[in-house]
Structures are given as C-alpha cells and as structure tokens.
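Read through the structure below, which is laid out as structure tokens, and then see the notes.
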Amino acid sequence: MLIAKTIEETKEIIKEVKSKGFSTGFVPTMGALHEGHFELIRKAKNENDFVSCSIFVNPIQFNKTEDLKKYPRTIEDDIKKLNELDCDLVFNPSVEEMYPKPDNTIYDFGGLEKVMEGKFRPGHFNGVAVVVKKLFDIIEPDRSYFGEKDFQQLTIIKALVKKLKMPVKIVPCHTVREPDGLAMSSRNRRLTDDERKIAPAIYRALKTISEIASNKSVKELKGFFIQQLRKYPQMEIEYFEISNIEDLSPVEEFEKGKKYVACTAVFLGKVRLIDNVSINL
Ligand code: AMP
C-alpha cells in the first residue's frame with residue numbers, strides 16, 4: 001500500500017495508474033476508521049482496479065473548535081487496517097498541504113445545505129464541498145463511495161458533482177451498525193460506558209418510525225420520537241425531521257407514493273450523534 005502526504009506525489013501515482021488503463025475508486029474519510037468505513041473500502045475494491053482512501057480531518061467543516069480538537073485521530077491503526085484490506089493508496093495530507101491559503105469558495109445547493117445539519121452546523125456543508133472538490137481534483141476517481149449514515153452529505157455531494165459536471169460516479173453505501181443497532185461512527189468512541197449502553201435507543205426509535213409510518217401522521221411520528229428519547233435524561237434532541245428524500249425539505253404531511261427520510265441529531269452527553277432511516281409508505 002502506498003502512503004502519500006503531498007498532492008504532487010498523489011497526482012503522480014494516479015497519473016501512472018490511469019496510464020495503465022486501471023479504473024479508480026476513492027473513499028474520502030476523516031480517519032478513526034471503523035467497520036462503516038471498511039465496508040466502503042471493500043465495495044470500492046470490488047468495483048475498481050485501484051482504490052484510494054484519504055484520511056484528512058478537514059478543519060473548515062467543523063463549526064466548533066472544541067469538536068475539531070476532540071475529533072479522534074488513530075492514524076497508525078487506520079493505516080494498518082487499510083493495508084489489511086488491500087487498499088492501494090492512502091492520501092494523508094496536512095492542513096497546510098490542503099489549504100496553503102484559505103479557500104473561500106461558497107457553494108449554493110439551492111437550500112439542500114440549509115436544513116437539518118446545515119441549520120445547526122452553519123458552514124459545515126460548504127467546508128465538506130470545498131474539501132471533496134479538492135480531493136476529486138487530486139484523485140480524479142471514476143467512482144467515489146459515501147455512506148448513507150450521512151444522508152444529507154451524500155445528497156449534497158451528488159448535487160456538487162452534478163453542478164460542476166465532474167466525471168465521477170457517486171456510489172451510496174448502506175449504514176453499517178453495531179449488533180445493537182447503533183450506527184457506527186468515529187464519535188462513538190467518545191461515549192462513556194453508560195452513554196454507550198443507551199445510545200441504541202436512537203436507532204430503535206427510528207426503526208419503529210419506519211415500520212409504523214404508513215398509518216401515522218408526521219406529527220404523530222415526531223411525537224413518538226420525542227417520547228421515546230425523553231426516557232433518557234442524558235439525551236437531547238437537536239433536530240428530528242421527516243424530509244422529502246429528493247430535496248430534503250422537511251414535510252408536515254405525507255403524500256402517498258412519495259419517499260421520505262427521517263433524520264435526527266441527538267446529543268448524548270457531549271457527543272453529537274446523527275442517524276436516519278428511509279420511510280417508504
Ligand atoms: P467520516 O470519516 O465520518 O467523514 O466518514 C467517511 C465516510 O464514511 C462518509 O461517506 C460516511 O458517510 C461513511 N460512514 C461513516 N460511518 C458509516 C457507517 N456507519 N456506515 C456506512 N458509512 C459510514
């Protein structure tokens with residue numbers, strides 16, 4: 001497995017790979033890798049000749065310095081795991097390498113970036129779009145793999161690629177969960193033992209919502225979610241929305257035949273967890 005720290009050496013490697021006619025897959029991450037990330041790598045390995053993974057904690061997508069500071073970093077373990085998975089290239093640049101000067105590009109995704117995560121983490125998706133565009137320009141992948149765990153991010157990346165007419169196929173991947181249902185996340189390792197025990201309640205409530213949605217109103221489902229999580233005083237719901245699956249606009253009423261996604265962000269102690277389920281009526 002090759003490990004590159006600079007843009008120049010990464011571009012060189014990619015140039016050579018492409019000159020051989022190899023297809024290329026790419027998995028962008030912020031490291032502290034877990035089974036959710038590994039699934040993306042495995043899928044990329046199945047579908048491409050050459051797979052790159054980036055590990056870069058992107059400062060401009062954090063709207064709280066505390067969150068950036070506390071973000072888990074486990075680069076040695078990450079590299080070991082990627083090697084075992086037969087990943088071909090790890091791109092692990094420094095902040096200076098990625099941003100020798102500030103990148104002030106502002107993206108407009110027609111409102112996609114303003115709801116849910118965008119509402120509570122201002123600037124977050126702009127930071128994500130800036131870094132993903134930069135990474136795509138460096139790696140030039142044929143396919144890039146994103147988790148449905150970050151459903152709004154996935155939708156925005158698809159919009160970015162469409163807007164900039166980038167020649168990359170965005171491949172969505174199912175959310176990988178712990179046996180008790182908790183969505184895998186790098187942030188889970190910051191939970192205390194007690195918090196970890198109650199964390200699966202978030203997905204339990206979401207899953208029930210997806211099961212009972214067809215004979216309930218949006219208002220009733222929201223009420224149900226709040227009621228389920230109220231049992232845990234350590235939990236604080238930041239938002240819970242049921243949104244149109246295409247444009248992510250939150251809805252007040254269901255329309256038959258349309259698809260929806262229920263998305264939430266919940267603080268469990270100091271850790272902010274997000275999750276979602278699709279709703280097919
Ligand atoms: P991150 O390192 O958190 O930026 O995530 C990198 C990629 O892994 C993103 O496309 C995430 O959506 C995806 N990912 C993170 N957790 C999971 C999970 N539990 N299941 C599937 N994909 C995930």
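Side notes on the structure shown:
- Conditions (1) within 11 Å of the ligand (Cβ to nearest atom); (2) closer than 21 Å to residue 2 by Cα; (3) open to solvent by 30 Å² or more (accessible area, probe 1.4 Å); number of the one not met by residue 137: (1)
- Looking across segment 107-153 at every residue that is charged (D, E, K, R) and in a loop (DSSP other than H, G, I, E, B), the one that is farthest from residue 61 (Cα to Cα) is identified as 142.
- The set of residues in segment 56-69 being among the charged types (D, E, K, R) and either assigned to a loop (DSSP other than H, G, I, E, B) or near the ligand (Cβ under 10 Å from one of its atoms) (or both) consists of 64 alone.
- Residue match in segment 80-89 (condition: touching an Asp or Glu at 6+ places or on another chain (Cβ under 9 Å) and exposed (fewer than 12 other Cβ atoms within 10 Å of the Cβ)): no
- In the condition set (1) in contact with a Cys (Cβ under 8 Å, 6 or more places away or on another chain); (2) in a loop (DSSP other than H, G, I, E, B), residue 53 is compliant with all but (2).
- Single residue of segment 255-281 satisfying the filter (assigned to a loop (DSSP other than H, G, I, E, B) and farther than 21 Å from residue 118 by Cα) that is most open to solvent (accessible area, probe 1.4 Å): 256
- When residues of segment 140-163 are limited to those that are free of Cβ contacts under 8 Å to residues at least 40 places away in the same chain and within 13 Å of the ligand (Cβ to nearest atom), the one surrounded by the fewest Cβ atoms within 10 Å (Cβ to Cβ): 158
- Residues of segment 13-25 classified as open to solvent by 20 Å² or more (accessible area, probe 1.4 Å), part of a helix (DSSP H, G or I) and touching a residue at least 40 places away in the same chain (Cβ under 8 Å), total: 2
- Residue list for segment 198-236, restricted to those being of a type in the set (S, T, N, Q) and either touching a residue at least 24 places away in the same chain (Cβ under 8 Å) or in contact with a helix residue (DSSP H, G or I) (Cβ under 7 Å, 6 or more places away or on another chain) (or both): 210, 214, 217, 228, 234
- Looking only at segment 26-55, residues that are open to solvent by less than 30 Å² (accessible area, probe 1.4 Å), more than 9 Å from the ligand (Cβ to nearest atom) and touching a Leu at 6+ places or on another chain (Cβ under 9 Å) come to 8 in all.
- Flag: residue 77 matches the condition of being within 16 Å of the ligand (Cβ to nearest atom), over 24 Å from residue 171 (Cβ atoms), more than 17 Å from the chain's Cα centre (by Cα) and assigned to a helix (DSSP H, G or I).
- Long-range neighbours under 8 Å by Cβ, at least six apart or interchain, first residue over 29 Å from residue 122 (Cβ atoms) within segment 62-83, second assigned to a helix (DSSP H, G or I): 81/38; 82/41
- Boolean, residue 72 is in a strand (DSSP E or B) and either open to solvent by less than 20 Å² (accessible area, probe 1.4 Å) or more than 25 Å from residue 269 (Cα to Cα) (or both): no
The values are calculated or read from the model by the stated rules, or taken from the named source; none is laboratory data. All of these numbers come straight from a predicted model, not from anything done at the bench. Don't worry about glycine lacking a Cβ; one is built from the backbone with ideal geometry, like all the others, and counts go over all protein chains shown. Accessible surface areas use protein heavy atoms only, side chains included; no ligands, DNA or RNA. Shrake-Rupley method; radii C 1.70, N 1.55, O 1.52, S 1.80 Å.
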